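Colleague: Attaching a single structure in structure tokens format; questions to follow.
The values are calculated or read from the model by the stated rules, or taken from the named source; none is laboratory data. Fair warning: this is a prediction, and the values are worked out from it, not measured in the lab. Every residue, glycine as well, gets a Cβ built from its backbone with ideal geometry; the counts of neighbours run over all protein chains shown.
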Amino acid sequence: MTKVLLVTGGGWHNFDECSRILADLLKNTGKAEVTVTQDRKILGSPELKSYDQVVMYTQGGKLTGKEEQGITSFVKGGKGFLGIHCAADSFVENPKYIEMVGGKFIDHGPCQEFGVNVANKEHDLTRRFGNFRITDELYVLDEVQGDNKNVLLSSFWKGKMLPMAYTKDYGKGKVVYLALGHDRRAFTNPEFQKLCLRSINWLGGAAEKKPVRCAAIGYGGAFNMGKMHGQQIKEAGMEYVAVCDVDRARLAEAERDFPGIKTYDDPDKLAADPDVDLVVVITPHNSHAPLSIKCLKAGKHVVTEKPFCITVNEANQMIDAANKAGVMLSVFHNRRWDGDFMTIREVIEKGIIGDVFHLEAYFGGYGHPGTWWRSDKQISGGAFYDWGAHFVDWVLNLMPYKMESITGFFHKRVWFAVSNEDHCQAIIRFEGGRVADIQHSSIARAGKPRFRILGTKGAIVDSWGGSFKVYTDVEGVNTEMEVKYREGQWKEYWRNVADHLMGGDPLVVTAEQARRVIAVIETAEKSSAAGKTLPAPVP
């Protein structure tokens, strides 16, 4: 457990709110014990030696000689220092402190959105990082001091690129400075949060691990997913080393797509391969749990295609197996990175429609569901388990509250040649009386918007059209806006898995989240059969 001292306070910034966000972020990793203080006397006290790192998010002031000597000796002696934003506008009359930070604030632009570019893609802090945009103050420093500086991020300002993040050595210690971080908008930016977490890891001596060696069970078939996963795995900086399939023609195709790849026709042999670290399961739904458990017990990390599995009991067994083996377990909910969904979530998180209390989601139409295995209930689990898994995951992320109860309505009325349901509905009651209503149909002659979301201040209506409507109140004026979808980032799923396994970043799609999705689908069907509302089996 890394002991972190977060020193905060000063002027011009909301230090209480931002420090709380940062402290919670670090604590939630389970790797850091964080102490927050505005008392700078600790920098000159013997207590400082009990910490591994100091994070400075302060503005203004002047250190006593004892305090300046304390913090600089702390870092020179081999400890870590993370300076955030106005740390370069702190204690400017203390030359040793400024020398340690490596730069001094001289100006900034207005608080607005601007681009941040990766200047060094090979450093552990920015490996697999992409250029991003952030709403923040663009800090201008005097020339970053020191020959050992390593600029990692930069932004354009009046004809030149200015450093937004850099590292440097200071004696036996290490320094990271992030020029970003003016207010809540920056501290809740995912890329900024990732920088903070990686900085703490790097200052603590964590290094990038060797590439993860990945394999797939299932290749070809629907949508050529085996090839797609392999390509994205390699683009994320991992290795695609083996494929297992019962169809020799598909194995031959994998060999053509990825020359040199090992092939298996038996999952037991793949699970026993010591050169495989991670297995992605790309098979029919009812095989996800047994194949995953086999690989987890063999000590492999596992990613399943969606849905995670069929039942909550299966999900529990998978999670238990992963915990016992000490390996990662996730599901390919890549559609969290759909541009439309990310844009809707951003509008909600920014409070534009207020507190969301009612959400309706719909997908489907009128037509035969097809004769493939996905319309066979014994194999697929039912109609809700295909696209429905994505929709339920979307809903649970847009309404991130404790589930209390689930009511289901399932119909079999038209397509009797297949065993899946014709029409499914799940109504979820969350804490605080919030409600989500999710419907899927293959017998709906008249459809509905994909999303109808009501908040205390406004609403969102989306119909898959490249943009969605936002209704809100702007200073007492009723306002209607058309918001365009941002560009999707599907490849971020595998990049996050690589970041998690090789760099220690938090896993975005966890097995526990995947279990909640299955809980909704399974319980909705049980509720329909029982003719009554049932309690949510997991919150």
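Colleague: What's the number of the only condition in (1) touching a helix residue (DSSP H, G or I) at 6+ places or on another chain (Cβ under 6 Å); (2) surrounded by fewer than 21 Cβ atoms within 10 Å (Cβ to Cβ); (3) within 25 Å of Ile21 (Cβ to Cβ) that Leu82 fails to meet?
Modeller: The failed condition is (2).
Colleague: Go through (1) in contact with a helix residue (DSSP H, G or I) (Cβ under 6 Å, 6 or more places away or on another chain); (2) over 17 Å from Val508 (Cβ atoms); (3) among the hydroxyl-bearing types (Ser, Thr, Tyr) one by one and return the number of the condition Thr304 breaks.
Modeller: In the conditions (1) in contact with a helix residue (DSSP H, G or I) (Cβ under 6 Å, 6 or more places away or on another chain); (2) over 17 Å from Val508 (Cβ atoms); (3) among the hydroxyl-bearing types (Ser, Thr, Tyr), Thr304 misses (2) alone.
Colleague: With (1) surrounded by 17 or more Cβ atoms within 10 Å (Cβ to Cβ); (2) closer than 24 Å to Pro110 by Cβ as the list, and Ser199 as the residue in question, which single condition is left unmet?
Modeller: Unmet condition: (2).
Colleague: Moving on. Say whether the condition of being assigned to a loop (DSSP other than H, G, I, E, B), of a type outside the set (Ser, Thr, Tyr) and exposed (fewer than 13 other Cβ atoms within 10 Å of the Cβ) is met by at least one residue in region 22-35.
Modeller: Yes, the conditions are met somewhere in region 22-35.
Colleague: Could you tell me whether Gly83 is closer than 23 Å to Ala179 by Cα, in a strand (DSSP E or B) and assigned by TED's automatic domain parsing to the domain that holds Ser155?
Modeller: yes
Colleague: Quickly run through region 150-175 and pick out the residues that are surrounded by fewer than 17 Cβ atoms within 10 Å (Cβ to Cβ) and basic (Lys, Arg).
Modeller: Scanning region 150-175 gives Lys158, Lys160, Lys172.
Colleague: Now a separate question. Just to check your reading of the model, which residue among Val140, Val176, Val101 is touching a Gly at 6+ places or on another chain (Cβ under 6 Å) and among the β-branched types (Val, Ile, Thr)?
Modeller: Val101
Colleague: Here is a follow-up. Looking at region 364-388, which of the residues that are of a type in the set (A, V, I, L, M, F, W, C) and not in a loop (DSSP other than H, G, I, E, B) is nearest to Ile438 (Cα to Cα)?
Modeller: Phe384
Colleague: Moving on to the next point. Of (1) touching a residue at least 40 places away in the same chain (Cβ under 8 Å); (2) within 19 Å of the chain's Cα centre (by Cα), Asn131 satisfies all except one. Which?
Modeller: Result: Asn131 fails condition (1) only.
Colleague: Being in contact with a Gly (Cβ under 7 Å, 6 or more places away or on another chain), surrounded by fewer than 21 Cβ atoms within 10 Å (Cβ to Cβ) and either assigned to a loop (DSSP other than H, G, I, E, B) or of a type in the set (A, V, I, L, M) (or both) is the filter here; which residues of region 62-79 pass it?
Modeller: Selection gives Thr64, Gly77, Gly78.
Colleague: Among the residues of region 140-157, is there at least one that is in contact (Cβ under 8 Å) with a residue 40 or more places away in the chain, β-branched (Val, Ile, Thr), in a loop (DSSP other than H, G, I, E, B) and in contact with a Pro (Cβ under 6 Å, 6 or more places away or on another chain)?
Modeller: Looking through region 140-157, at least one residue is in contact (Cβ under 8 Å) with a residue 40 or more places away in the chain, β-branched (Val, Ile, Thr), in a loop (DSSP other than H, G, I, E, B) and in contact with a Pro (Cβ under 6 Å, 6 or more places away or on another chain).
Colleague: Residue check, Asp277 against (1) under 26 Å from the mean Cα position of the chain (by Cα); (2) of a type in the set (D, E, K, R); (3) surrounded by fewer than 19 Cβ atoms within 10 Å (Cβ to Cβ), all met but one. Which one?
Modeller: If we test Asp277 against (1) under 26 Å from the mean Cα position of the chain (by Cα); (2) of a type in the set (D, E, K, R); (3) surrounded by fewer than 19 Cβ atoms within 10 Å (Cβ to Cβ), just (3) comes out false.
Colleague: With the structure loaded, tell me whether Tyr485 is among the aromatic types (Phe, Trp, Tyr) and surrounded by 20 or more Cβ atoms within 10 Å (Cβ to Cβ) or whether it fails that test.
Modeller: Spelling it out, it is not the case that Tyr485 is among the aromatic types (Phe, Trp, Tyr) and surrounded by 20 or more Cβ atoms within 10 Å (Cβ to Cβ).
Colleague: Condition first: touching a residue at least 60 places away in the same chain (Cβ under 8 Å), closer than 24 Å to Asp505 by Cβ and among the hydroxyl-bearing types (Ser, Thr, Tyr). Can you find one or more residues in region 316-336 that meet it?
Modeller: The answer is yes, given that some residue of region 316-336 is touching a residue at least 60 places away in the same chain (Cβ under 8 Å), closer than 24 Å to Asp505 by Cβ and among the hydroxyl-bearing types (Ser, Thr, Tyr).
Colleague: Failed condition for Phe223, given (1) assigned by TED's automatic domain parsing to the domain that holds Pro290; (2) buried (at least 23 other Cβ atoms within 10 Å of the Cβ); (3) in a helix (DSSP H, G or I), with all others met?
Modeller: (2)
Colleague: A further question follows. What strands (runs of 3 or more DSSP E) completely inside region 428-539 contain at least 2 residues that are without any contact (Cβ under 8 Å) to a residue 60 or more places away in the chain and of a type in the set (Val, Ile, Thr)?
Modeller: 477-484
Colleague: Among the numbered criteria (1) buried (at least 19 other Cβ atoms within 10 Å of the Cβ); (2) assigned by TED's automatic domain parsing to the domain that holds Lys448, which one does Met328 miss?
Modeller: (2)
Colleague: While we're looking at this one, here's another question. When you go through Asp422, Asp393 one by one, which is the residue that is charged (D, E, K, R), surrounded by 23 or more Cβ atoms within 10 Å (Cβ to Cβ) and either modelled with pLDDT of 95 or more or more than 22 Å from Ile348 (Cα to Cα) (or both)?
Modeller: From the options Asp422, Asp393, the qualifying one is Asp393.
Colleague: Looking at the structure I just gave you, is Arg248 under 29 Å from Lys297 (Cβ atoms) and either aromatic (Phe, Trp, Tyr) or outside the structural domain of Arg127 (by TED's automatic domain parsing) (or both)?
Modeller: Against the criterion (under 29 Å from Lys297 (Cβ atoms) and either aromatic (Phe, Trp, Tyr) or outside the structural domain of Arg127 (by TED's automatic domain parsing) (or both)), Arg248 qualifies.
Colleague: Could you tell me whether any residue of region 169-176 is out of contact with any Ser or Thr (no Cβ under 7 Å at 6 or more places or on another chain), at positive phi, in the same structural domain as Tyr97 (by TED's automatic domain parsing) and not in a strand (DSSP E or B)?
Modeller: yes
Colleague: Within region 343-363, work out how many residues are assigned to a helix (DSSP H, G or I), among the charged types (D, E, K, R) and in contact with a Lys or Arg (Cβ under 9 Å, 6 or more places away or on another chain).
Modeller: 2
Colleague: For region 89-125, which residues satisfy the criterion of being in a loop (DSSP other than H, G, I, E, B), more than 20 Å from Gly10 (Cα to Cα) and among the polar types (S, T, N, Q)?
Modeller: Once the filter is applied, which keeps residues that are in a loop (DSSP other than H, G, I, E, B), more than 20 Å from Gly10 (Cα to Cα) and among the polar types (S, T, N, Q), region 89-125 yields only Asn120.
Colleague: Examine region 209-229 for a residue that is of a type in the set (Val, Ile, Thr) and under 14 Å from Ile84 (Cβ atoms), and state whether such a residue exists.
Modeller: Checking region 209-229: not a single residue is of a type in the set (Val, Ile, Thr) and under 14 Å from Ile84 (Cβ atoms).
Colleague: Under 6 Å by Cβ, and 6 or more places apart or on different chains, what pairs join a residue from region 98-114 that is assigned by TED's automatic domain parsing to the domain that holds Leu180 with one that is surrounded by fewer than 14 Cβ atoms within 10 Å (Cβ to Cβ)?
Modeller: From region 98-114, the pairs are Lys104/Asp142; Ile106/Asp142; Glu113/Arg133.
Colleague: Out of Gln53, Gln59, which single residue is under 18 Å from Val140 (Cβ atoms) and either touching a Phe, Trp or Tyr at 6+ places or on another chain (Cβ under 7 Å) or buried (at least 23 other Cβ atoms within 10 Å of the Cβ) (or both)?
Modeller: Criteria check complete, one pass: Gln59.
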